[in-house]
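Here the structure is laid out as structure tokens; the discussion comes afterwards.
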Amino acid sequence: MDDLQEVEKSVQSSALDHANGNSATILCIDDESAGLLPRKMLLESAGHRVITARSGAEGIEIFRSEKVDAVILDYWMAEMKGTAVAWELKRINPNIPVIVLSGVSELPGESAGLVDQWLVKGSHRAEKLLDSISTLLEHRSA
């Protein structure tokens, strides 16, 4: 099975989850639209509701005002690193899973206990992000 078929299968599986009432509201925080828009399209194609924020401060504000099931955020952002954002999100609600995307392969010590999953950008196929969200949401509701 090639990569495109795997992504289509994963999206179809997620769409089935959505039809069964298993869709989630995902907050995506990234200061670069080049990363934010494709992620939003991928998640929406899988049946999720996606809210975007272009800065850590905006993401924290949205997190306080909206019901969010999971957060995906970039590690390197101009005003504040993803771990600082994750720290504040976990302070507000420690039960919401946080996935950090980074070009850095090593999980920094500062992220211990703050990040539920660390994914290296470009090293995983698109369905890895969808699988990670599904797994984290299943564990949260279990």
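Taking amide hydrogens as placed 1.01 Å from N in the peptide plane, the amide H of residue 77 sits under 5 Å from those of 82, each at least 5 positions away in sequence or on another chain. Where in the range 52-83 does the amide nitrogen come within less than 15 Å of the point 7 Å from the Cα of residue 25, taken along Cα to Cβ? Output list for this probe position: 52-53, 59-72.
Remark: the residue 41-residue 57 segment gains 3.5 nm on full extension, using 0.36 nm per residue and subtracting the alpha carbon distance. Full extension of the chain segment joining residue 95 with residue 34 gains 19.1 nm, where the gain is 0.36 nm per residue of separation less the Cα-Cα distance. Taking all protein chains into account, the per residue accessible area for the range 17-82 stands at 47 Å² (1.4 Å probe). Here the extension length gained between residue 66 and residue 131 equals 21.1 nm, from 0.36 nm per residue of separation less the Cα-Cα distance.
The values are calculated or read from the model by the stated rules, or taken from the named source; none is laboratory data. These numbers come from a predicted model, not from an experiment. Counting neighbours? That spans all protein chains shown, and the Cβs are built from the backbone with ideal geometry, glycine included. These accessible areas exclude ligands, DNA and RNA; they are computed on the full protein's heavy atoms, side chains included. Shrake-Rupley method; radii C 1.70, N 1.55, O 1.52, S 1.80 Å.
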